[in-house]
Structure formats: structure tokens, C-alpha cells
Amino acid sequence: MGRLIVVSNRVATPTETKGSAGGLAVGVFGALKDAGGVWFGWSGDVVSETVANAGPMLEQDGAVTFATVGLTRKDYDQYYRGFSNATLWPVFHYRNDLARYEREEYAGYRRVNAWLAHKLVKLLEPDDIIWIHDYHLIPFAEALRSEGVTNRIGFFLHIPFPAPQILLNIPPHEELVKSLSCYDLLGFQTATDQQAFHDYVTRHARGTVSADGSVEAFGRKLRTGVYRIGVFPDEIAEQAKRYESRQHVLELKQSLEGRKLIMSVDRLDYSKGLVERFRAFELLLERSPEWRGNVTLVQIAPPTRSDVATYQKIRQDLEYEAGRINGRYSGLDYTPIRYLNQQYDRWKLMSLFRESQIGFVTPLHDGMNLVAKEYVAAQNPDDPGVLVLSIFAGAAAELSGAVLVNPHDAIGMCEALQRALQMPLDARQRRHEINMAALRENDLGVWRDSFLRDLRSVPVRRAGEAGGHQ
Ligand code: GDG
């Protein structure tokens with residue numbers, strides 16, 4: 001079996017792979033340890049041109065090499081802050097209103113992909129399989145192919161793939177899809193995303209799609225599949241239980257004075273539906289006076305991408321909404337929304353989830369949403385909380401035990417909260433069991449192993465065939 005090469009925009013540090021970060025880093029690292037290999041990507045540092053060109057920096061951990069490079073200010077601005085996060089992210093989340101398109105940024109995006117690919121080529125061996133992650137790196141395989149790389153290359157998109165009419169808003173949409181056709185295997189979070197890609201291929205690229213998901217387009221053949229990312233539910237359950245009596249949980253419990261707790265955790269991002277969520281909670285207090293003073297929403301929202309203008313705006317909007325709602329419904333000893341703009345340790349989050357009666361997860365669009373899955377896994381099976389989940393999270397297709405809501409329907413969300421707050425124990429337990437069974441059946445290991453199994457089963461290209469299977 002050949003080595004595994006993982007490429008992602010950011011590379012987890014060796015310490016993060018030991019469990020302090022999200023489960024994803026741990027899951028991917030598990031596969032790297034088994035096969036041996038390299039995790040390659042940006043270090044997260046902005047550096048001088050000399051330092052950038054001197055990379056990659058190599059760090060060894062057993063059979064795994066962490067290989068990272070710094071980006072220059074210009075590369076960071078055009079590739080990361082620009083085309084990736086001010087064009088692709090908003091459009092792929094159906095927010096054309098927040099997107100901009102600048103030719104120079106797109107050129108920078110392609111330039112950085114080609115530069116990164118060139119750096120990686122030197123680390124490759126003939127039998128390696130290469131797994132590229134996410135929207136920052138769409139042109140990566142094309143760049144590798146143009147350097148003569150014939151290895152199997154797969155791509156997993158963590159975010160939604162938009163319907164063709166939405167994708168058309170990005171002027172070089174055809175080049176992007178053509179770049180995607182250079183992969184051997186494309187993985188999507190849900191059947192809806194896969195279908196959206198197929199629709200583009202048949203309607204806008206004069207390509208064909210077979211019943212097994214394989215695609216012919218731009219003179220190339222590739223496979224596509226659905227690989228729903230998951231968590232390791234029993235590890236989360238164990239972690240949440242182990243830390244349930246720690247200081248931070250006791251302090252929270254004491255400060256709640258018997259009030260019900262609604263928990264939300266999201267990166268501070270406009271795709272997560274935070275403003276709509278705050279307003280639905282406000283409506284609960286407005287329409288149901290009996291809940292005033294008796295229920296608290298804790299929203300943890302660590303800032304991300306804070307140098308992108310649209311992220312500064314969502315932060316302002318939320319601060320305004322939290323202040324306004326708290327001004328309206330606070331008492332001398334009661335604050336309805338506790339809005340925490342900071343990062344918490346993972347084990348703390350899991351134990352806080354366990355303490356709450358509702359997990360309120362309402363993105364406007366989300367590839368999967370791991371918080372929804374973590375919330376379920378962290379519950380106490382003897383007295384589980386209820387997951388109130390947006391129909392626009394990829395996770396909604398699997399978690400049929402959740403109370404599903406449309407985040408654009410404030411009254412509907414408010415009614416869902418009322419229902420969840422009053423749900424009897426046996427109904428909560430039934431829903432929890434259904435959700436846990438779904439999480440166990442399709443955990444993070446299944447996601448990773450099925451993607452890699454499918455990638456390994458793609459026929460190898462012959463030398464000179466780097467341009468694609470004909
Ligand atoms: C993208 C896609 C897809 C959050 N705050 C803290 C913290 N987190 C952790 C959560 C969770 C992770 O970050 C967030 O994952 P999500 O899936 O919810 O969302 P994105 O970051 O947007 O992820 C998404 C995912 O990729 C995977 O494919 O599901 O759709 O958008 O694990 O717990 N972790 C810690 N402190 C925090 O304050 N430690």
C-alpha cells in the first residue's frame with residue numbers, strides 16, 4: 001500500500017493531532033499514521049518571500065511528516081483572504097450579496113495553488129495517493145498534472161457545492177469545474193451537493209453522468225461520491241461525561257439557578273445563521289412570558305477571518321442584536337443571551353453540551369456541521385437534550401431524531417424551541433437513540449476509510465497520462 005499525502009489549506013500541528021483540536025485533525029492523522037505519509041499545506045504564517053521560498057518546513061512524528069510553507073502578504077491577500085474567502089466561500093454558501101470578484105485575486109489563487117503543488121512534487125513518491133481538502137485548493141490537481149504527476153488524486157469538498165445558477169455568478173466558473181475534472185475522485189458531503197455538481201456537468205459543460213456517479217467532462221473521466229463526514233461519538237460521550245463535574249460546568253450550573261440552558265457554538269460566520277437565531281430566541285421571550293427569566297442562551301462564537309470585511313460586519317450585527325435583546329429582557333439577576341466571543345477548549349465545550357437542554361444549530365447553509373453531531377454525542381442518554389437543527393445543514397439528512405427548522409422562519413424556530421423545552425423524557429430518549437445510531441453507523445472513520453478505499457480503487461494512470469483518463 002502506498003503512502004498517503006494529505007493537502008489542506010492549514011495543517012494541524014502535531015500537538016493538535018493528539019486530540020486538542022477538532023476530531024477532523026485526529027481522524028485524518030489516524031489515516032496518515034496507518035499508511036505513513038505527509039501532511040502538506042500552509043503553516044498559518046505570513047512571511048517574507050525569502051522565507052516562503054525556502055520552505056517547506058519539515059517536522060517528523062513517527063511515520064508522518066508535517067510539511068508546511070509560509071505565505072507572502074500578497075499571496076495571503078489574493079489566495080486566502082481574497083478569492084477563497086471573499087468569492088468562493090460566500091458564493092458556495094449562496095451569499096452572492098456578500099461576494100466580490102477580482103481578477104487579480106483569482107490569478108493569485110491559481111498562482112498559489114501552482115506554487116504549492118510545485119513544492120509538493122519534490123516530496124512525492126510514485127505509489128503515493130494524494131488527498132486534497134476543500135475549496136482553497138480546487139486547482140491543485142490540475143497543477144500537479146501539469147508537472148507530470150500521475151498518482152491517484154482525490155478531492156473532498158467540506159462546504160456545499162452550489163446549484164449551477166449560483167455557481168455561474170463566479171466569472172471563471174467553467175475553469176473551476178474544469179480544474180475539478182483533473183481529480184480521479186471528487187467527494188461531497190451530501191447527495192444534494194453531488195447532484196449540483198452533476199447538474200453543472202450536464203447543463204453547462206456538455207458532459208455526461210453515469211448511474212454510478214462517474215462523470216465524463218472536458219475530455220476526462222472521474223468518479224464522484226457522497227462521503228458524509230462524522231465524529232467519533234463514543235469518544236465524545238466519554239469526554240463529556242469525564243468532565244461533567246469540572247469547575248467550569250459547576251460555575252455555569254450555579255449561575256443558571258435552575259434555568260433551562262440552550263447552547264450554540266459556531267465559528268463567527270455569516271453562514272451560521274446567528275442573527276436569525278438570536279431573533280428566534282427573542283421571539284420566544286416575547287411570545288411566551290413564562291420563559292422570561294427561565295431560559296438562557298449561551299452562544300460561543302470564536303471570531304474567524306476577522307480581516308475579511310464581511311466578518312467584521314457580522315460581528316457588529318451580533319453585538320448589536322445581543323445588546324438589544326439583553327437590554328429588552330434582562331433583569332437585575334438575569335441575562336437572556338450570554339454571547340461569548342472566544343475560543344474554548346474542546347473538552348469544555350463537550351461537557352457544556354451535556355449540561356444543556358437544547359443544542360440550537362441553525363446555519364443558513366452548511367456542508368455538514370460537526371457541532372450538531374458533537375452535541376448529540378455529548379448528551380447523557382438518561383436525560384438527553386434536544387437538537388434543534390436547520391434543514392440547511394448537511395447533518396439534517398442523517399439526524400432524523402432532531403427537531404428540524406427553517407432558519408428563515410423565526411416563528412417556526414420559536415415554536416421548535418418551545419416544543420424542545422417541554423419535550424417529555426421518553427421522547428427525548430427516543431430521538432437521542434435514533435441520532436446516536438446514525439452517528440455510530442457513519443462515524444469519522446467510515447468517512448475517511450470509504451473515501452480512501454474508493455480513491456485506491458481508481459485505475460492508475462500510465463506515464464504520459466497525467467492529463468486525465470481518456
Ligand atoms: C467546515 C464546514 C463541515 C467551534 N468553536 C470552538 C471549536 N469549534 C469546533 C467545533 C467543530 C468545529 O470547530 C466546527 O466544525 P463545523 O462542521 O461545525 O463548521 P466549520 O468550521 O464551518 O467546518 C462544515 C466541516 O468543515 C467539516 O467537513 O462540517 O460544514 O463549513 O468541531 O466543535 N472548538 C474549540 N473551541 C471553540 O471555541 N476547541
Could you list, bin by bin from short to long, the percent of Cα-Cα pairs of the range 270-397 in 10 Å steps? 12, 39, 40, 9, 0
For the chain, size of Cβ-based charge dipole, Lys and Arg +1, Asp and Glu -1, in debye: 280 debye
Is the range 140-192 best put as rounded, prolate or oblate by its Cα gyration tensor, with a ≥ b ≥ c the root eigenvalues, rounded for a/c under 1.5, and otherwise prolate when a/b is larger than b/c, oblate when not? oblate
Strictly over 30 Å apart at the Cα level, which of Lys33/Lys122; Lys33/Lys119; Lys74/Lys221; Lys253/Lys373; Lys221/Lys373 would you flag in this model? Lys74/Lys221; Lys221/Lys373
Highest-first arrangement of 395-408, 52-65, where packing means the average Cβ count within 10 Å: 395-408, 52-65
For a quick check: with amide H placed at 1.01 Å from N, whose amide H comes under 5 Å from Asp366's, ignoring anything fewer than 5 positions away on the same chain? Gly394
For a protection proxy built on the mean count of beta-carbon atoms within 10 angstrom, sort 226-232, 293-299 highest first, please. 226-232, 293-299
From the convex hull of the Cα coordinates of the chain, what is the mean projected area in square nanometres? 21.9 nm²
Report, in whole Å, the centroid distance computed from the Cα atoms of the range 172-211 and the range 247-313. 37 Å
If the cut-off is 15 Å between C-alpha atoms, which aspartates and glutamates fall inside it for Lys178, apart from same-chain ones fewer than 8 positions away? Glu142, Asp199, Glu216
Mind jotting down a quarter of the surface of the convex hull over the alpha carbons of the range 236-306, in square nanometres, one decimal? 6.4 nm²
Mean Cβ count within 10 Å, highest first, over the residues of peptides 386-393, 38-45: 386-393, 38-45
Amide H to amide H under 5 Å from Val405: which residues, 5+ apart in sequence or cross-chain, H placed 1.01 Å off N in plane? Leu389, Ser390, Ile391
Taking placed amide H atoms and a strict 5 Å upper bound, the residues 5 or more places from Lys221 or on another chain that come that close are His469
So what's the net charge close to Phe155: Lys and Arg +1, Asp and Glu -1, counting the other residues with Cβ under 14 Å from its Cβ? 0
Cα axis of helix 274-287 to longest principal axis of the chain: angle in degrees, 0 to 90, nearest 10? 20 degrees
Hey, what angle do you get for helix 103-121 against the long axis of the chain, alpha-carbon based, 0 to 90 degrees rounded to 10? 70 degrees
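Just so you know, all these numbers are worked out from the coordinates, no wet-lab data involved. Every value quoted in this text rests on a predicted model; they were computed, and no experiment measured them. In this analysis, Cβ positions are derived from the backbone assuming ideal geometry, glycine residues included, and neighbour counts consider all displayed protein chains.
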